[in-house]
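*Asks:* Take a look at this one; I'll ask things after.
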Amino acid sequence: MLYFRLLNIADFQSTFEVFRRSPERKFTVFYAQNLTPISNYLSFCWGAILHNAQAQSSPFITRWDLSKTGGAATTLTFGVATAGTVSYTWQQVGGAASGSGTFNGSTLTITGLPANAIIDVSIGPTNFQRININNGTDRERLMEIKQWGTVAWTGMQYAFYGCSNMTLTATDTPNFTAVTNMSSMFRNCSSFNQSVSNFNTTAVTNMSGMFYGCYTFNQSVSNFNTAAVTNMLFMFTDCLAFNQSVSSFNTAAVTDMSYMFFRCGSFNQSVSNFNIAAVTNMSSMFSNWGTAFNQSLAAWGSQLNANVDLSNFLDNCGMSVANYDATLKAFAAGTVTGISMGATGLKYCSAETARTLLTTPIASGGKGWSISGDSKNCTSPIVLTITPERSAICPGASVTLTASGCAGTVTWVGGPSPQTGSSVSVSPAVTTSYSANCSTGGTETVTVKVATNTVAVGYDVITDKERFRAVTTLTSAKKVGHVTFTPSANVVYEAGNAITLLPGFTAEKSSTFQAEIKTCL
């Protein structure tokens, strides 16, 4: 059992601890005072703690259910890419049948399988480059990605497209170093809702349709390196449950964001950090049926590309009068002229003058825009607020959500079925967003986090109050606080067995950081 501890604040002005539950069930709580990166002082021992011998070659393992809709009862077929001959084996789950073979080219076909059986297919990494199911005949038979293996993947486009029963149970890290294309990787994977926090996206240029139709997907993407990405078309289209932060996205190279959050009924996160200067297509980017996106886009006013397509841009997106006012004023203060923008269902009030400037012909001193579907409404807006009993819960626990500010009936959306009432009790199995919709106007969204066995903190907490919970182990290489921002961050880490602070973890002066080993209750 590893238990390493260094608490010499006077000498190092830093604190590092790998918390492990000992037989005495010890735990430590500390508050950060000017913590600096531990790698500065512990590099001499870090390699000894984390370095492992070079991993052995391991296969890519998937599980398939031949009783599901597909092709021939005893045959499994799907697309691949190879650089030569590839070996594979298969084993019946709960049975004695097994087999092996080799393949090359663009298709793997395995025959002689037991009818209606569940089988595990192991594909060796040598010469294997891609899986390319691409909405193929046996797409519904794929049940699990059990292990990524040591495959040097060359592409992920259309890899699991149409695999509506697939879940990702692999715990190893895939080698995506050479992957540039993840378009439609999980498209229509309607059951998929597992972590993608260990994906290396540094080389990826195309994320179009990556999660298109992933109805239940609501996992953090804050670790994604999007600096090279140029295409985010359809990236989260029809992700009905998705409501995760995208504030870490580097979008400086992106040219296409059309339909990016189209019909994302729960999404209500800030995108003010997006660099949209190169984006020429934002058509239907936030277009929806109405229930979630209520953010100001004022930060984009000075960035809009002169040739950007804003058709159906904000149709029925849920933006409040105040946020739409702020957006219109910022757009009017910009330099872009001659744009057509869709804003069906939106209301403006204080931005009437700005909107008039936008829609006045250029020859008359205006911007020459065409804005469709919005209207003026200066009635006092209904301010709806949600107070959760707790923002983070353990698996199997319940939490009460209370909405206030509604004079009518509150309808809650986000659980298995809509509920009504000012307060509801929910017991989500996974992290879930809930929207409260007031019958007389107003909507608000809250996310209830559900602890999982292993949690890797995926983003910096700069000025917020945040709690991260893990049933067993929690790791972090992220920042707590920022010396130039207020209020100061207040962050709590909780785990049942271990909390590990990795190189890159810092807690700035004046921030509060607490770590506790405690049972998830």
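We did not get these values from a lab; they are worked out from the coordinates using the rules stated. Model, not experiment: these values are computed from the prediction. Heads up, the Cβs are rebuilt from the backbone with ideal geometry, glycines too, and the neighbour counts pull from every protein chain shown.
*Asks:* Run the Debye formula on the Cα coordinates of segment 55-168, all scatterers equal and no solvent, and tell me log10 I(q)/I(0) at q = 0.18, 0.20 1/Å.
*Replies:* These q points yield log10 I(q)/I(0) values of -0.86, -1.09.
*Asks:* Per DSSP H run of at least 4 residues, take -39500 (n - 2.57); add these up for the chain, divide by its residues and hand me the 222 nm value, nearest 500 deg cm²/dmol.
*Replies:* For the chain, the value works out to -2000 deg cm²/dmol.
*Asks:* If R₀ is 22 angstrom, what is the calculated FRET efficiency for the pair Asn307 and Ala333, using the beta carbon separation as r and rounding to 0.05?
*Replies:* 0.70
*Asks:* Once you put a point 7 Å from the Cα of Thr154 and another 7 Å from the Cα of Ser425, both along the Cβ direction, what distance in nm separates them?
*Replies:* 5.7
*Asks:* Next question, about the same structure. To make sure I understand the rule: partners must be lysines, Cα under 24 Å from the Cα of Lys329, and not fewer than 8 residues away in the same chain. Which ones qualify?
*Replies:* Of all the lysines, those that pass the test against Lys329 - Cα under 24 Å, at least 8 places apart if same chain - are Lys347, Lys367, Lys376.
*Asks:* Given [x] 23.3, 80; [y] 25.4, 81; [z] 24.4, 99 as candidate values of Rg and Dmax of the Cα atoms in Å, which corresponds to the one derived from the coordinates?
*Replies:* It is the one labelled [y].
*Asks:* Something else now. How many percent of DSSP beta bridges within the chain run antiparallel, rounded to 5?
*Replies:* Antiparallel: roughly 55 percent of the beta bridges in the chain.
*Asks:* Now, a different point. Order the peptides 304-312, 388-396, 161-169 from the highest to the lowest mean number of other Cβ atoms within 10 Å of their residues.
*Replies:* 161-169, 304-312, 388-396
*Asks:* Continuing with the same structure: By the scheme Lys and Arg +1, Asp and Glu -1, what is the net charge of all other residues having a beta-carbon under 12 Å from that of Thr356?
*Replies:* Net of charged neighbours comes to +3.
*Asks:* So, one more: Tell me, rounded to the nearest percent, the portion of alpha carbon pairs in segment 244-338 spaced more than 15 Å apart.
*Replies:* 60
*Asks:* Sort 185-192, 205-212, 372-379, 244-251 for me by packing, meaning the mean count of neighbouring Cβ atoms within 10 Å per residue, highest on top.
*Replies:* 205-212, 185-192, 244-251, 372-379
*Asks:* Express the relative contact order of segment 84-183 as a whole percentage, based on alpha carbon pairs under 8 Å and six or more residues apart in sequence.
*Replies:* Dividing the mean separation by the residue count of segment 84-183 yields 24 percent.
*Asks:* If packing is taken as the mean number of other Cβ atoms within 10 Å per residue, what is the order of 324-337, 63-76, highest first?
*Replies:* By packing density, highest mean first, the sequence is 324-337, 63-76.
*Asks:* Here is a further query. Net charge within 12 Å of Ser58 by Cβ-Cβ distance, Lys/Arg positive one each and Asp/Glu negative one each, not counting Ser58 itself?
*Replies:* Around Ser58, the surrounding residues sum to 0.
*Asks:* Let me ask another. Sort all Cα-Cα distances of segment 268-311 into consecutive 5 angstrom bins from zero, then give the percent of pairs in each bin up to the one containing the longest distance.
*Replies:* 5, 20, 27, 29, 14, 4, 0
*Asks:* Moving to a separate point now. Given a cut-off of 19 Å, name the pairs among Lys479/Lys509; Lys478/Lys518; Lys478/Lys509 whose C-alpha atoms lie farther apart than that in the structure shown.
*Replies:* Lys478/Lys518
*Asks:* How many nm is it between the label spots at Asn198 and Lys68, if each spot is 7 Å from the Cα in line with the beta carbon?
*Replies:* It works out to 2.2 nm between the two label points.
*Asks:* Would you order Ser427, Ser57 from fewest to most other beta-carbon atoms within 10 Å of each residue's own beta-carbon?
*Replies:* Ser57, Ser427
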